[in-house]
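Working notes for the structure below.
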Amino acid sequence: MEAFEFTLGDAEVCGHDVNVHGWDAKVCGHDVKPGPTLKLSACRITGIDCAGKSMLRNIFDRHELVRYDVKQICASLPNVFGQISFGLIEIHRECNQVVPVCTNCGVNMGEYFCEVCKFYDDDIGKEQFHCNDCGICRVGGRENFFHCKKCGSCYSVALRDNHSCVENSMRHHCPICYEYLFDSLKDTTVMKCGHTMHCECYHEMIKRDKFCCPICSRSIIDMSQTWKRIDDEIEATVMPEDYRYKKVWILCNDCNDTTEVFFHIIGQKCSHCQSYNTRNIAPPVLPQ
(Lines give C-alpha, C1' and ligand atoms only; values in the text may rest on other atoms or scores of the structure.)
Protein backbone atom coordinates (compact mmCIF):
# COMPACT_ATOMS: atom_id res chain seq x y z
CA MET A 1 0.00 0.00 0.00
CA GLU A 2 1.12 3.53 -0.76
CA ALA A 3 -0.37 6.44 1.19
CA PHE A 4 -1.30 9.76 -0.44
CA GLU A 5 -1.76 12.63 2.01
CA PHE A 6 -3.44 15.85 0.94
CA THR A 7 -5.47 18.62 2.50
CA LEU A 8 -8.02 21.28 1.68
CA GLY A 9 -6.80 24.22 -0.33
CA ASP A 10 -4.50 24.79 -3.27
CA ALA A 11 -0.82 24.05 -2.76
CA GLU A 12 2.23 22.86 -4.59
CA VAL A 13 4.19 20.23 -2.75
CA CYS A 14 7.41 18.84 -4.19
CA GLY A 15 6.29 20.09 -7.58
CA HIS A 16 2.89 18.38 -7.41
CA ASP A 17 -0.33 20.33 -7.82
CA VAL A 18 -2.98 19.81 -5.15
CA ASN A 19 -6.53 21.06 -5.45
CA VAL A 20 -9.12 19.36 -3.29
CA HIS A 21 -11.71 22.15 -3.37
CA GLY A 22 -12.91 20.86 -6.73
CA TRP A 23 -13.16 17.43 -8.24
CA ASP A 24 -9.52 16.85 -9.11
CA ALA A 25 -6.31 16.59 -7.19
CA LYS A 26 -2.88 15.59 -8.42
CA VAL A 27 -0.71 13.98 -5.78
CA CYS A 28 2.62 12.41 -6.73
CA GLY A 29 1.41 12.01 -10.29
CA HIS A 30 -1.99 10.51 -9.40
CA ASP A 31 -5.27 12.06 -10.48
CA VAL A 32 -7.40 11.76 -7.35
CA LYS A 33 -11.14 12.37 -7.56
CA PRO A 34 -12.52 12.10 -4.04
CA GLY A 35 -15.54 14.30 -4.67
CA PRO A 36 -16.35 18.02 -4.39
CA THR A 37 -15.64 19.83 -1.11
CA LEU A 38 -14.35 16.63 0.44
CA LYS A 39 -13.28 17.07 4.06
CA LEU A 40 -9.70 15.87 3.84
CA SER A 41 -8.16 18.08 6.49
CA ALA A 42 -8.40 15.24 8.98
CA CYS A 43 -7.94 12.13 6.89
CA ARG A 44 -5.50 10.29 4.70
CA ILE A 45 -6.39 8.06 1.78
CA THR A 46 -4.49 4.84 1.38
CA GLY A 47 -4.81 3.45 -2.13
CA ILE A 48 -3.42 0.72 -4.30
CA ASP A 49 0.34 0.74 -4.93
CA CYS A 50 0.84 2.09 -8.42
CA ALA A 51 3.99 0.13 -9.25
CA GLY A 52 6.43 3.01 -9.08
CA LYS A 53 4.40 5.41 -11.24
CA SER A 54 3.55 7.78 -8.43
CA MET A 55 6.52 10.08 -9.07
CA LEU A 56 6.30 10.24 -12.86
CA ARG A 57 5.98 13.85 -13.99
CA ASN A 58 4.97 13.04 -17.57
CA ILE A 59 1.22 13.56 -17.68
CA PHE A 60 0.81 10.68 -20.14
CA ASP A 61 2.31 8.27 -17.62
CA ARG A 62 -0.10 9.27 -14.86
CA HIS A 63 -3.46 7.72 -14.19
CA GLU A 64 -6.54 8.11 -12.02
CA LEU A 65 -6.88 6.69 -8.55
CA VAL A 66 -9.99 4.50 -8.74
CA ARG A 67 -12.09 5.35 -5.66
CA TYR A 68 -13.65 1.88 -5.61
CA ASP A 69 -10.19 0.38 -5.00
CA VAL A 70 -9.51 2.47 -1.89
CA LYS A 71 -9.06 0.01 0.99
CA GLN A 72 -8.27 2.22 3.97
CA ILE A 73 -8.78 5.79 5.12
CA CYS A 74 -6.63 6.99 7.99
CA ALA A 75 -7.63 9.78 10.34
CA SER A 76 -4.81 12.28 10.91
CA LEU A 77 -4.36 14.93 13.58
CA PRO A 78 -2.50 18.20 12.88
CA ASN A 79 0.47 19.35 14.89
CA VAL A 80 0.27 21.76 17.80
CA PHE A 81 0.36 24.80 15.50
CA GLY A 82 -2.94 23.76 13.99
CA GLN A 83 -1.52 23.83 10.47
CA ILE A 84 -2.81 21.27 7.99
CA SER A 85 -0.42 20.60 5.16
CA PHE A 86 2.09 18.10 3.87
CA GLY A 87 4.80 17.25 6.37
CA LEU A 88 2.99 18.76 9.37
CA ILE A 89 0.76 15.81 10.23
CA GLU A 90 2.40 14.12 13.16
CA ILE A 91 -0.18 11.59 14.41
CA HIS A 92 -1.83 8.96 12.23
CA ARG A 93 -4.44 6.57 13.52
CA GLU A 94 -5.34 3.92 11.02
CA CYS A 95 -8.91 2.79 10.40
CA ASN A 96 -9.47 -0.81 9.42
CA GLN A 97 -11.95 0.03 6.66
CA VAL A 98 -13.51 2.90 4.75
CA VAL A 99 -16.09 4.28 7.19
CA PRO A 100 -17.78 7.65 7.77
CA VAL A 101 -16.38 8.07 11.29
CA CYS A 102 -12.94 6.86 12.40
CA THR A 103 -13.39 3.98 14.84
CA ASN A 104 -10.23 4.99 16.71
CA CYS A 105 -10.33 8.76 17.11
CA GLY A 106 -13.93 9.61 16.18
CA VAL A 107 -13.04 12.00 13.34
CA ASN A 108 -16.05 12.56 11.05
CA MET A 109 -14.78 12.24 7.49
CA GLY A 110 -17.89 13.81 5.95
CA GLU A 111 -21.56 14.50 6.64
CA TYR A 112 -22.49 12.40 3.61
CA PHE A 113 -20.85 9.04 3.05
CA CYS A 114 -21.41 6.38 0.38
CA GLU A 115 -19.90 3.03 1.18
CA VAL A 116 -20.14 1.87 -2.45
CA CYS A 117 -18.49 4.89 -4.10
CA LYS A 118 -16.11 5.63 -1.19
CA PHE A 119 -17.51 9.15 -1.48
CA TYR A 120 -17.48 11.82 1.25
CA ASP A 121 -19.05 15.28 1.21
CA ASP A 122 -19.73 17.88 3.89
CA ASP A 123 -22.36 19.79 1.90
CA ILE A 124 -25.50 17.73 2.49
CA GLY A 125 -27.59 20.57 1.05
CA LYS A 126 -26.94 19.03 -2.37
CA GLU A 127 -29.18 16.11 -1.30
CA GLN A 128 -26.82 13.39 -2.45
CA PHE A 129 -28.09 9.87 -2.99
CA HIS A 130 -26.67 6.67 -4.41
CA CYS A 131 -28.37 5.02 -7.39
CA ASN A 132 -27.68 1.29 -7.46
CA ASP A 133 -28.62 1.02 -11.14
CA CYS A 134 -26.32 3.89 -12.19
CA GLY A 135 -23.62 2.72 -9.79
CA ILE A 136 -22.74 6.28 -8.75
CA CYS A 137 -23.89 9.00 -6.37
CA ARG A 138 -26.07 11.79 -7.70
CA VAL A 139 -27.33 15.11 -6.31
CA GLY A 140 -30.80 16.66 -6.18
CA GLY A 141 -32.74 14.34 -3.86
CA ARG A 142 -33.78 10.75 -4.47
CA GLU A 143 -37.49 11.66 -4.50
CA ASN A 144 -36.93 13.98 -7.47
CA PHE A 145 -35.45 11.35 -9.77
CA PHE A 146 -36.24 7.94 -11.19
CA HIS A 147 -34.01 5.48 -13.02
CA CYS A 148 -34.97 4.67 -16.60
CA LYS A 149 -33.84 1.11 -17.27
CA LYS A 150 -33.65 1.47 -21.05
CA CYS A 151 -31.93 4.85 -21.11
CA GLY A 152 -29.60 3.63 -18.37
CA SER A 153 -29.64 6.75 -16.22
CA CYS A 154 -31.57 8.79 -13.68
CA TYR A 155 -34.04 11.37 -15.01
CA SER A 156 -36.26 13.95 -13.36
CA VAL A 157 -39.64 12.55 -12.28
CA ALA A 158 -41.23 15.00 -14.75
CA LEU A 159 -39.91 12.76 -17.55
CA ARG A 160 -41.46 9.56 -16.21
CA ASP A 161 -43.61 8.14 -19.04
CA ASN A 162 -42.95 11.43 -20.84
CA HIS A 163 -39.85 10.84 -22.94
CA SER A 164 -38.68 8.73 -25.87
CA CYS A 165 -36.33 6.00 -24.68
CA VAL A 166 -33.04 5.42 -26.47
CA GLU A 167 -30.90 2.61 -25.09
CA ASN A 168 -28.03 4.01 -22.99
CA SER A 169 -28.77 7.52 -24.27
CA MET A 170 -26.91 9.14 -21.36
CA ARG A 171 -23.76 7.10 -21.78
CA HIS A 172 -22.27 9.30 -24.47
CA HIS A 173 -20.93 12.81 -24.81
CA CYS A 174 -22.99 15.96 -25.19
CA PRO A 175 -23.09 16.59 -28.97
CA ILE A 176 -22.41 20.30 -28.42
CA CYS A 177 -19.72 20.62 -25.72
CA TYR A 178 -18.65 16.94 -25.78
CA GLU A 179 -18.68 16.51 -22.01
CA TYR A 180 -19.61 12.99 -20.91
CA LEU A 181 -23.27 13.15 -19.88
CA PHE A 182 -23.66 10.16 -17.57
CA ASP A 183 -21.75 11.64 -14.62
CA SER A 184 -22.02 15.32 -15.57
CA LEU A 185 -23.15 17.70 -12.82
CA LYS A 186 -24.93 19.94 -15.34
CA ASP A 187 -28.67 19.65 -16.02
CA THR A 188 -29.55 17.54 -19.05
CA THR A 189 -32.62 17.44 -21.27
CA VAL A 190 -34.18 14.68 -23.37
CA MET A 191 -35.19 15.79 -26.85
CA LYS A 192 -38.23 14.50 -28.77
CA CYS A 193 -36.06 11.96 -30.55
CA GLY A 194 -34.82 10.55 -27.23
CA HIS A 195 -31.25 11.80 -27.51
CA THR A 196 -29.83 13.84 -24.64
CA MET A 197 -27.67 16.91 -24.20
CA HIS A 198 -26.96 19.61 -21.61
CA CYS A 199 -29.82 22.04 -21.01
CA GLU A 200 -27.56 25.06 -21.48
CA CYS A 201 -26.23 23.63 -24.75
CA TYR A 202 -29.80 22.95 -25.89
CA HIS A 203 -30.94 26.53 -25.24
CA GLU A 204 -27.80 27.92 -26.89
CA MET A 205 -28.53 25.81 -29.96
CA ILE A 206 -32.14 27.05 -30.12
CA LYS A 207 -30.90 30.63 -29.74
CA ARG A 208 -28.76 30.11 -32.85
CA ASP A 209 -31.78 28.88 -34.87
CA LYS A 210 -30.72 25.24 -34.91
CA PHE A 211 -33.88 23.16 -34.51
CA CYS A 212 -32.64 19.66 -35.37
CA CYS A 213 -31.00 17.04 -33.19
CA PRO A 214 -27.23 17.12 -33.84
CA ILE A 215 -27.19 13.30 -33.71
CA CYS A 216 -30.17 12.15 -35.81
CA SER A 217 -31.30 15.45 -37.46
CA ARG A 218 -34.89 15.03 -36.27
CA SER A 219 -36.83 18.22 -35.45
CA ILE A 220 -36.68 18.93 -31.72
CA ILE A 221 -39.54 21.45 -31.51
CA ASP A 222 -42.93 21.89 -33.18
CA MET A 223 -42.14 23.19 -36.67
CA SER A 224 -45.68 23.18 -38.10
CA GLN A 225 -45.87 26.98 -38.34
CA THR A 226 -42.52 27.08 -40.12
CA TRP A 227 -43.68 24.48 -42.64
CA LYS A 228 -46.77 26.61 -43.38
CA ARG A 229 -44.57 29.63 -44.08
CA ILE A 230 -42.45 27.55 -46.45
CA ASP A 231 -45.64 26.40 -48.21
CA ASP A 232 -46.53 30.04 -48.84
CA GLU A 233 -43.02 30.84 -50.12
CA ILE A 234 -43.05 27.88 -52.52
CA GLU A 235 -46.48 28.86 -53.83
CA ALA A 236 -45.20 32.36 -54.51
CA THR A 237 -41.97 31.18 -56.15
CA VAL A 238 -42.44 29.71 -59.64
CA MET A 239 -39.63 27.47 -60.81
CA PRO A 240 -38.13 27.90 -64.30
CA GLU A 241 -39.58 25.70 -67.03
CA ASP A 242 -36.54 23.39 -67.07
CA TYR A 243 -37.03 22.51 -63.37
CA ARG A 244 -40.80 22.80 -63.02
CA TYR A 245 -41.48 19.10 -63.50
CA LYS A 246 -38.17 17.72 -62.26
CA LYS A 247 -38.55 15.02 -59.59
CA VAL A 248 -36.10 13.94 -56.88
CA TRP A 249 -36.00 11.29 -54.17
CA ILE A 250 -35.90 12.51 -50.58
CA LEU A 251 -35.44 11.05 -47.12
CA CYS A 252 -37.44 12.67 -44.33
CA ASN A 253 -35.40 13.19 -41.17
CA ASP A 254 -38.57 13.36 -39.06
CA CYS A 255 -40.40 10.18 -40.14
CA ASN A 256 -37.63 8.34 -42.05
CA ASP A 257 -39.90 7.88 -45.06
CA THR A 258 -38.49 7.99 -48.60
CA THR A 259 -40.60 9.51 -51.36
CA GLU A 260 -40.29 10.96 -54.85
CA VAL A 261 -41.38 14.60 -55.00
CA PHE A 262 -41.15 17.61 -57.30
CA PHE A 263 -37.91 19.54 -56.90
CA HIS A 264 -38.06 23.12 -55.60
CA ILE A 265 -35.20 25.45 -54.81
CA ILE A 266 -36.70 26.38 -51.41
CA GLY A 267 -37.22 22.83 -50.16
CA GLN A 268 -38.78 19.42 -50.68
CA LYS A 269 -41.82 18.46 -48.64
CA CYS A 270 -42.33 14.98 -47.23
CA SER A 271 -45.66 13.66 -48.51
CA HIS A 272 -46.01 11.44 -45.46
CA CYS A 273 -45.62 13.85 -42.49
CA GLN A 274 -45.64 17.21 -44.34
CA SER A 275 -42.18 18.11 -43.01
CA TYR A 276 -39.56 20.07 -44.90
CA ASN A 277 -36.80 18.55 -42.78
CA THR A 278 -35.68 16.42 -45.71
CA ARG A 279 -32.59 15.67 -47.76
CA ASN A 280 -32.01 14.47 -51.30
CA ILE A 281 -30.96 10.85 -51.76
CA ALA A 282 -30.11 8.63 -54.68
CA PRO A 283 -33.02 6.83 -56.35
CA PRO A 284 -33.70 3.38 -54.95
CA VAL A 285 -32.18 0.48 -56.84
CA LEU A 286 -34.92 -1.69 -58.33
CA PRO A 287 -34.45 -5.48 -58.24
CA GLN A 288 -33.40 -7.00 -61.52
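The values are calculated or read from the model by the stated rules, or taken from the named source; none is laboratory data. It should be emphasised that the depicted structure is a prediction, and the values quoted were computed from it without experimental measurement. When we count neighbours, we look across all protein chains shown, and the Cβ atoms used for this are built from the backbone with ideal geometry, even at glycine. Ligands, DNA and RNA are stripped out before the accessible areas are found, and what is left, the full protein with its side chains, is counted by its heavy atoms. Shrake-Rupley method; radii C 1.70, N 1.55, O 1.52, S 1.80 Å.
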Backbone N under 17 Å from the E241 label point (7 Å along Cα→Cβ), restricted to the range 254-288:
none
So how much accessible area does D257 have, in Å² to the nearest 10, using a 1.4 Å probe?
50 Å²
Restraint check, K149/K210; K207/K247; K118/K192; K207/K228; K71/K150; K210/K246, Cα-Cα greater than 25 Å
K149/K210; K207/K247; K118/K192; K71/K150; K210/K246
Along Cα→Cβ, 7 Å out, is where each label goes; now give me the distance between the ones at V116 and V66 in nm to one decimal.
1.7 nm
Could you put H130, H272 in order of accessible surface area, largest first, with the 1.4 Å probe and the full protein assembly present?
H272, H130
Separation of alpha-carbon centers, the range 178-223 and the range 140-165, rounded to whole Å
17 Å
Inter-label distance for D123 and R229, nm, one decimal - labels placed 7 Å from Cα along Cα-to-Cβ
4.2 nm
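If I take R0 = 41 Å and measure r between the Cβ atoms of I265 and C177 in this structure, what FRET efficiency does the formula 1/(1 + (r/R0)^6) give, to the nearest 0.05? Provide the component values of the computation, followed by the final result.
Details: r = 35 Å, r/R0 = 0.85.
Approximately 0.70, to the nearest 0.05.
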